[in-house]
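Notes follow once the structure below has been shown.
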Amino acid sequence: MPRIPRRILLPLIIACALFMENMDSTVIATSLPAIARDLNEDPIALKLALTSYLLSLAVFIPVSGWMADRFGARTVFRSAICVFMGGSILCALSGTLEGFVLARFIQGMGGAMMVPVGRLVVLRSTSKDDLVRALSWLTIPALVGPVIGPPLGGFISTWFHWRWIFFINIPISIIGLVLAGRHVENIREPVVPPLDWSGFLLSAFGLSFLMLGLATAGRHLVSLPVSLAGIVLGTAMMVGYVRSAGRKAHPVLDLGLLRITTFRVGVFGGFLFRIGIGAIPFLLPLFLQLGFGLNPFESGMLTCASAAGAMFMKTLAARILQRFGFRRVLIGNAVCAALSLALIAGFTRHTPHLLITATLLLGGCFRSLQFTSLNALSYADIEKPLMSRATSLASVIQQLAAGTGVTVGAFALQASGWLQGHGTVMAADFPPAFLCVALVSACSLLWLVQLGQQAGATISGHRPAG
């Protein structure tokens, strides 16, 4: 049997781990109603399972690079796989909402280390001549995972049991551990600056208290006074971090990067846009299953259309940016993406599935183009020595936006039911919720209009006329 060249084998090993993480983050969304029934919980309470995972990513991503430099990339990567596998087992064995939320947080700790450290391994182990080809392998899990995840989760929940969603991670993890042990070098930096422990603890606990306080404010898991106390304490700790970060040479999150216009607009405009989009994995499966009576597999087959549209748009994004430039693309496409999100509010039990699929497919195209453009714009004016810091800050804000989106979507759903005078989730509650999150995404225009015509021209290749 011919041996696979190392320049291909190494990215494939990392891609398998990233595929597992990407798929797991989407596979659970389709199964939320089934998990809620089994745990005897309100489906809206399962928002905590999504937000705790995303929060864990936001907390631990900033220190993943430092840990790889300090302890070695292979050591941290294999440890991350073990933590992710352990979290998966705990998820599968959970019998209460509290246990499930905690298990998802542990799973997120592993995911936070796997993704950036895996990329770091490829970047440091591949020659520049093979870098584009190697990175192309790493894009596969990001594209394929969200396509496979919803139908797979729906299939397992419909004909087997939702717990098997997490058990399937075990053999994949074991294979990853063996292959990483054989083929991944334990790369580390000879000189590593000290970790900003005080900043890490302030940001970690601040973000945790703030996000979990917001997520539990709907009287799930803890009482309302406890939720409000978490919000106040989290806000105070984040204010403390902001005040202390500027005085440190190596802050865990470098807020000074926000002085760069393109980075600031890309991050904050992206934050508002991602809040609306972040609500979709939570709201859409509930809408199709609780509102329309579809089973998880039927729901998953419809919702994967968005990911298919995103895959298609990846092939066109660079040419569109070159033709029209960042400003015109981001402003016009933000409107289209928000409208496509608002169109979901018009779905009824009698809407043809073909029309639903087409709407979600088109919406996936718009969202993919916006994400690609925002990500590229954010790094347009970042110098190479600051790239690692910029990546950490942008990644944290992206995860927070996704978690906030789930929380906002849940609040909108609860408010809609309260205004209509019923306590249980009904189909009529969802249209106002989708209109609400579409409006939040549209508010990103307040930041995007600040861009000049030449913004990001060095990477888009766009040359404005005149």
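The values are calculated or read from the model by the stated rules, or taken from the named source; none is laboratory data. Predicted model only: the values in this text are computed from it and were never measured. Ideal geometry is used to build each Cβ from the backbone, glycine not excepted, and the neighbour counts take in all protein chains shown.
General remarks:
- Within segment 150-183, restricting attention to residues that are closer than 17 Å to Arg37 by Cβ and of a type in the set (Val, Ile, Thr), the residue that is nearest to the chain's Cα centre (by Cα) is Ile165.
- Of residues in segment 148-173 being closer than 30 Å to Leu393 by Cβ and among the polar types (S, T, N, Q), the one surrounded by the fewest Cβ atoms within 10 Å (Cβ to Cβ): Ser173
- Residue count for segment 150-174, restricted to those that are outside any helix (DSSP H, G or I) and either basic (Lys, Arg) or closer than 10 Å to Ser88 by Cβ (or both): 2
- Residue in segment 357-367 that is closer than 16 Å to Phe273 by Cα and surrounded by fewer than 19 Cβ atoms within 10 Å (Cβ to Cβ) present: no
- Which listed residue is buried (at least 24 other Cβ atoms within 10 Å of the Cβ), modelled with pLDDT of 80 or more and within 24 Å of Ile165 (Cβ to Cβ), from Ser79, Ser31: Ser31
- Among the candidates Val192, Val184, residue that is farther than 19 Å from Ala17 by Cβ and out of contact with any strand residue (DSSP E or B) (no Cβ under 9 Å at 6 or more places or on another chain): Val192
- 3 or more residues under 21 Å from the mean Cα position of the chain (by Cα) and surrounded by fewer than 24 Cβ atoms within 10 Å (Cβ to Cβ): qualifying helices (runs of 4 or more DSSP H) within segment 248-321: 261-278, 296-314
- If you check Gly176, Gly213, Gly234, Gly240 for being in contact (Cβ under 8 Å) with a residue 40 or more places away in the chain and either surrounded by 14 or more Cβ atoms within 10 Å (Cβ to Cβ) or among the small types (Gly, Ala, Ser) (or both), only one passes: Gly176.
- Subset of segment 213-247 (residues that are of a type in the set (Lys, Arg) and either in contact with a Pro (Cβ under 8 Å, 6 or more places away or on another chain) or assigned to a loop (DSSP other than H, G, I, E, B) (or both)): Arg219, Arg247
- Members of segment 431-466 that are at pLDDT 90 or above and over 17 Å from Gln370 (Cα atoms): Pro431, Pro432, Ala433, Phe434, Leu435, Cys436
- Flag for Val222 being aliphatic (A, V, I, L, M) and at pLDDT 80 or above: no
- From the list Val425, Val396, Val406, the lone residue that is modelled with pLDDT under 80, aliphatic (A, V, I, L, M) and either closer than 14 Å to Ile277 by Cβ or surrounded by 20 or more Cβ atoms within 10 Å (Cβ to Cβ) (or both) is Val425.
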